[in-house]
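Novice: Right, I'll just put the structure down here and ask away after.
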Amino acid sequence: MPKRNITATDVTITHRKLPHWQQGGMWYFVTFRTKGFLLPEAGRDIVRLAVLEGARSKYDVSIGVIMPDHIHLLIRPLEKAAGLFYSLTGILKTIKGKTSHPVNRLLKRTGSCWQKESYDRIVRNEDEWLDKYEYIRGNAVRAGLAERPQDYPWLIVNENMLP
């Protein structure tokens, strides 16, 4: 399949099992899962670092949480050239690619670390953005992994990225 340019004026739609809509300049709620195993603390550190590294160059991240079996992010791809944005597909491929080998080494395993398909949704308005933000923020508390969101070490919060 040829690469598609992601612009602010056009919506690009691709399909696997789920539809994936992309439009430049938009925020996305993204979830991706491990492939049948749990990330130990050191594995969550690896993923957290990869998410933060990409945030410096390809996307803004407002909030994210690295759970033992899945990751939630609220991100906005950046412009890579005038009017052209990084693709969400490429961003997730980079995060998954940077983390697969170190996580496999850590766990003394081989094979895919991540399920092939991720769930993503364009955030349509401020109310939805705030809803997704609070959902991600409280994920570890709801799972019983922390008493307060700020106590969970794998919660990423960028206070500069609030609406």
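Novice: Which of the residues that make up region 111-122 are of a type outside the set (Lys, Arg) and either in a helix (DSSP H, G or I) or within 17 Å of the chain's Cα centre (by Cα) (or both)?
Specialist: Listed by number, the residues that qualify are CYS113, TRP114, GLN115, GLU117, SER118, TYR119, ASP120, ILE122.
Novice: Just to check your reading of the model, which residue among LYS108, LYS93, LYS80 is among the basic types (Lys, Arg), at pLDDT below 95 and exposed (fewer than 14 other Cβ atoms within 10 Å of the Cβ)? Full working, then the answer.
Specialist: On the way: LYS108 fails: at pLDDT below 95; LYS80 fails: exposed (fewer than 14 other Cβ atoms within 10 Å of the Cβ).
Of LYS108, LYS93, LYS80, the one residue that is among the basic types (Lys, Arg), at pLDDT below 95 and exposed (fewer than 14 other Cβ atoms within 10 Å of the Cβ) is LYS93.
Novice: Where the second residue is of a type outside the set (D, E, K, R) and loosely packed, with under 14 Cβ neighbours inside 10 Å and the first is under 15 Å from VAL30 (Cβ atoms) and touching a residue at least 60 places away in the same chain (Cβ under 8 Å) and lies in region 127-142, which pairs have Cβ atoms under 7 Å and are six or more apart or on separate chains?
Specialist: TRP129/PRO163
Novice: Considering only residues that are in contact with a strand residue (DSSP E or B) (Cβ under 6 Å, 6 or more places away or on another chain), within 15 Å of THR89 (Cβ to Cβ) and modelled with pLDDT of 65 or more, which ones fall in region 7-40?
Specialist: Those that are in contact with a strand residue (DSSP E or B) (Cβ under 6 Å, 6 or more places away or on another chain), within 15 Å of THR89 (Cβ to Cβ) and modelled with pLDDT of 65 or more: THR12, THR14, GLN22, GLY24, MET26, TYR28, VAL30, THR31, PHE32.
Novice: Identify the single condition in (1) within 16 Å of LEU39 (Cβ to Cβ); (2) touching a Lys or Arg at 6+ places or on another chain (Cβ under 9 Å); (3) outside any strand (DSSP E or B) that VAL65 does not satisfy, given that it satisfies every other one.
Specialist: (3)
Let's see how each residue does on (1) in a loop (DSSP other than H, G, I, E, B); (2) under 14 Å from the mean Cα position of the chain (by Cα); (3) within 21 Å of GLY54 (Cα to Cα):
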site: LEU92; (1), (2), (3): no, yes, yes
site: ILE95; (1), (2), (3): no, yes, yes
site: THR99; (1), (2), (3): no, yes, yes
site: ASN104; (1), (2), (3): no, no, yes
site: ARG109; (1), (2), (3): yes, no, no
site: ARG124; (1), (2), (3): yes, no, no
site: LYS132; (1), (2), (3): no, yes, yes
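Novice: Can you name the residue in region 120-163 that is farther than 19 Å from ARG44 by Cα and surrounded by fewer than 12 Cβ atoms within 10 Å (Cβ to Cβ) and is also modelled with the lowest pLDDT among such residues?
Specialist: Selected residue: PRO163.
Novice: Would you be able to tell me the number of residues in region 135-158 that are of a type outside the set (Ser, Thr, Tyr), outside any loop (DSSP other than H, G, I, E, B) and in contact with a strand residue (DSSP E or B) (Cβ under 9 Å, 6 or more places away or on another chain)? Lay out the reasoning, then the answer.
Specialist: Residues of region 135-158 of a type outside the set (Ser, Thr, Tyr): 136-151, 153-158.
Now drop any that are not outside any loop (DSSP other than H, G, I, E, B), which leaves 136-137, 139-142, 149-151, 155-157.
Checking which are in contact with a strand residue (DSSP E or B) (Cβ under 9 Å, 6 or more places away or on another chain) leaves us with 136-137, 139-140, 149-150, 155-157.
The qualifying residues number 9.
The values are calculated or read from the model by the stated rules, or taken from the named source; none is laboratory data. Given the structure is predicted, the values throughout are model-derived calculations rather than measurements. Cβ sites come from the backbone with ideal geometry, for glycine too, and all protein chains shown count toward neighbours.
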